[in-house]
Amino acid sequence: MKFDQLPKLNRVAVVGACSMLGKEVLSLLDEMEISPDKVAKFTIPGVPEEDIDEDGDLTTVDSHSFSNADLVLFTSPADITRRFLPHAQEAGCLIWDFSGAFRSLEEVPMVVPGINETELLRYQGRVASGPISGAVPLALVIQPFSQQYGVKNCVVSTYQPASEMGNWGFEELSFQSAQMLNGTESEKEGGQHPLAFNCIPWIGEAAASGDSTEENRLRADVERLLGVPFAMHATAVRVPTFYGFGASVYLELDTPITSLETVREMLNKATGLKVWDKPEAQVFPTNRECSGADAVFVGRLRLSQHHPAAISFYIMSDNLRRGAALNALEGIEYWLRTKHPAPVLHHPGTHSTPHEPTTH
């Protein structure tokens, strides 16, 4: 996508700028050649002073941080977003929430450009939300199958990196790996199982269904994005990699597939997808090759030997870039091009009277 509207904004505020996602957002804004003096970088309350002092442009967010901002990107934890988002609303800003703090509100659109960006034209406020990062590549790759063949059933196993846990997950994997490579038993800083050289088939909290909260959110977000109900069973696994969301996907379809070449052509024409599928030549998507890329890569395409209308494949994407930061900025670019700013959304916790914002 060509970004010609975002650079026209007078001021962009990033809340949680020292988080891994915040840094990825800032990196993309820099790639778009948005002048650094147009970007306000805020850390969240409680961050050690030495971390703030490392960057002279980084200050702690407060209720007055948004007075000059056109756009606010909340890459902060949900509790911080809930606390400060009403102040951004009162300042009349466009807002993108990465935390999911308001994802349960129907009037807050959950958007992946290339699938449902037109949701931004109908909603009630100036707040939009991205799905969890794994839902972005899954929705993008399932959509063409849903449109072309219809999807009855989906079974997904995800392989999710330490960077999805934030700075502490990245640092914990680094520290534990160094310990084990030096012959020391790794310490379990953040959970019952060490991350280094380990695969943990559980992400999130326990849900009543026996699934984890991550698995439930993944299923709910993909279904909401596609707007077509279908059965989806997910198993989320934390793996000892730093970047890259991988998933093994099995789809049962309404209509049989005539050939894999037809599928490859369909996927290569779809928004945001690239097919890397020559396993005989060891060509398939891996974490390292896909890091820093904009596309969702698809490989290991195989028709089922036991079901007349089923296919399996493997996908890989950069979780911070494709799954979150780029998705948001593409959505905001589309949003700005519509030139129809909506009224401020009165969220729970906002005690002032909603008002019409100034048009930016």
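The values are calculated or read from the model by the stated rules, or taken from the named source; none is laboratory data. It should be emphasised that the depicted structure is a prediction, and the values quoted were computed from it without experimental measurement. Note that each Cβ is placed from the backbone with ideal geometry, even for glycine, and that neighbours are counted across all protein chains shown. Accessible surface areas use protein heavy atoms only, side chains included; no ligands, DNA or RNA. Shrake-Rupley method; radii C 1.70, N 1.55, O 1.52, S 1.80 Å.
Angle of helix 260-269 to the longest C-alpha principal axis of the chain, folded into 0 to 90 degrees and rounded to 10: 10°. Only Lys, Arg, Asp and Glu carry charge here, each on its Cβ (+1 for the first two, -1 for the last two); on that basis segment 58-175 has a dipole of about 340 debye about its Cα centre.
Rounded to the nearest 20 debye, what is the charge dipole size of the chain about its Cα centre when +1 sits on each Lys and Arg Cβ and -1 on each Asp and Glu Cβ?
Working: 28 positive and 46 negative charges, 250 e Å.
The calculation lands at about 1200 debye.
Among beta bridges from DSSP that stay inside the chain, the antiparallel ones total about 45%.
Excluding residue 311 itself, what net charge comes from residues whose Cβ is under 15 Å from its Cβ, given Lys and Arg +1 and Asp and Glu -1? Show your work: numbers first, answer last.
Working: positive: 152, 264, 300, 302; negative: 252, 254, 261, 265, 277.
With Lys, Arg at +1 and Asp, Glu at -1, the neighbours total -1.
Show me the trypsin sites (Lys or Arg not before Pro) within segment 1-37 that DSSP assigns to loop and that have at most 16 other Cβ atoms within 10 Å of their Cβ. Mind dumping the intermediate values first?
Numbers: sites: 2, 8, 11, 23; in loops: 2, 11.
Taking segment 1-37 and a limit of 16 other Cβ atoms within 10 Å, the loop trypsin sites (Lys or Arg not before Pro) found are 2.
Surface composition of segment 7-99: carbon and sulfur atoms hold 45% of the protein heavy-atom accessible area at a 1.4 Å probe.
Computed from Cα positions, the angle between helix 167-181 and the longest principal axis of the chain comes to roughly 50 degrees. Hand me the chymotrypsin sites (Phe, Trp or Tyr not before Pro) from segment 97-206 located in a DSSP loop with no more than 15 other Cβ atoms within 10 Å, in residue order please. Sites meeting the loop and neighbour criteria: 197.
Our summary gives the chain a relative contact order of 20 percent, counting only alpha carbon pairs under 8 angstrom and 6 or more residues apart.
At most 10 other Cβ atoms within 10 Å plus a DSSP loop assignment makes a site exposed; report the longest stretch of the chain without any exposed GluC sites (Glu not before Pro).
Numbers: sites that count: 33, 54, 106, 185, 205.
That gives 206-360 as the longest site-free run.
Lys-Lys pairs in the chain that are eight or more residues apart or on separate chains and whose Cα atoms lie under 21 Å of each other come to 11.
For residue 264 and residue 59, what does the FRET efficiency come to when R0 = 41 Å and r is the distance between their Cβ atoms, rounded to the nearest 0.05?
The calculated FRET efficiency here is 0.25.
Quick one: in the chain, what % of C-alpha pairs are over 27 Å apart? For the chain, the fraction of Cα-Cα distances above 27 Å is 49 percent. Taking 323, 134, 169 as the candidate residues, the one with maximal mean-square fluctuation in a Gaussian network model of the chain, Cα springs under 10 Å, is 169. Angle check, please: helix 78-90 long axis (alpha carbons) against the longest principal axis of the chain (alpha carbons), in degrees 0 to 90, nearest 10. The two axes meet at around 50 degrees. For the chain, the residue among 181, 229, 17 whose Cα projects farthest onto the positive side of the dipole built from Cβ charges is 229.
Selection among 65, 101, 42 by position relative to the dipole of the chain gives 101 as farthest towards the positive end (Cβ unit charges, Cα centre). About the centre of its Cα atoms, segment 123-259 shows a dipole size close to 420 debye [charges on the beta carbon of Lys, Arg (+1) and Asp, Glu (-1) only; nearest 20 debye].
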